[in-house]
Amino acid sequence: MHISEGVLTAQVLGTGMALTAVGTAIGLKKVDYDRIPQVAILSAAFFVASLVHVPIGPANVHLILNGLMGVFLGWVAFPAILVGLILQALLFQFGGLTTLGVNTVIMAFPAVICFYAFRYGIRSRKPVVSISFSFLCGSGGILLAGLLLAFSLVFAGDHFIGVAKLVIIAHLPIMVIEGLVTAFAVKFLKRVKPEMLEAVYAR
């Protein structure tokens, strides 16, 4: 879901930078510094997962794991994803520095929404409920990110409307994959180390 440089208007780029600055500030304020290693691991997982991508016009289709990051990090997903995107832009020229703000919002804001929308269901003691909400969290993160990406392209000009529709359609299988990955991760951690989930939701 990296948007390349030279595609978006200055207004969209400026809005993305402003929203990313606010989200990152909130995330840094909320972060528990004893959990920095966990944040770093999730940021690294995001970095690696989104390296394998398929170009779709001015954007790319790839795993994001933003729903999974939302489960564990909440607002802290903003600085975690921002770090990953900076490294990708500098090391592999994915996305770009001018689109860094917009790309961060596209991937991190859905993580925050999923955190608040699904956290109570994920905490449920009923396995079916917990797994179902975990799947919705993973797939919902991709759906929301795809919609934000599509809106960003539409604001860049009418000639990107077809690409925006294609991006959403192309992410449908990614939604299923990310939903399954998130459900598996939550189920596994609930069995071996449930305090990792409780630590996030206690804040």
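FYI, it's all coordinate maths here, none of it is from the lab. Remember, it's a predicted structure, so these values are computed and weren't measured experimentally. Cβ atoms come from the backbone with ideal geometry, glycine included; neighbour counts cover every protein chain shown.
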Quiz item: Once the piece of chain linking ALA40 and GLN11 is laid out straight, how much longer is it, given 0.36 nm per residue of separation minus the C-alpha distance between them?
Solution: 7.3 nm
Self-check item: Dipole axis of the chain (+1 Lys, Arg; -1 Asp, Glu on Cβ), positive-most option in LEU166, SER124, ASN66
Solution: SER124
Quiz item: Helix 10-30 versus the longest principal axis of the chain: what angle, 0 to 90°, nearest 10, using Cα atoms?
Solution: 20
Exercise. Any chance you could give the angle, 0 to 90 degrees and rounded to 10, that helix 77-92 forms with the longest Cα principal axis of the chain?
Key: 50
Quiz prompt | Helix 100-122 axis, angle to the chain major axis (alpha carbon atoms, nearest 10°) | solution = 30
Practice problem: With no solvent and one equal point scatterer placed on each C-alpha of the chain, evaluate the Debye formula and give log10 I(q)/I(0) for q = 0.15 Å⁻¹, two decimals. | Solution: -0.85
Quiz item: Taking the chain as a Gaussian network, Cα atoms linked when under 10 Å apart, which of HIS159, HIS62, HIS171 shows the biggest mean-square fluctuation?
Solution: HIS159
Quiz prompt | Lys/Arg +1, Asp/Glu -1 at C-beta; the range 10-201 dipole; positive extreme among ILE81, LEU91, GLN38 | solution = GLN38
Quiz prompt | Three-way shape call for the range 1-41 based on the alpha-carbon gyration tensor, with the a/c threshold at 1.5 | solution = oblate
Quiz item: In debye to the nearest 20, how big a dipole does the chain give about its Cα centre with +1 on each Lys and Arg Cβ and -1 on each Asp and Glu Cβ?
Solution: 780
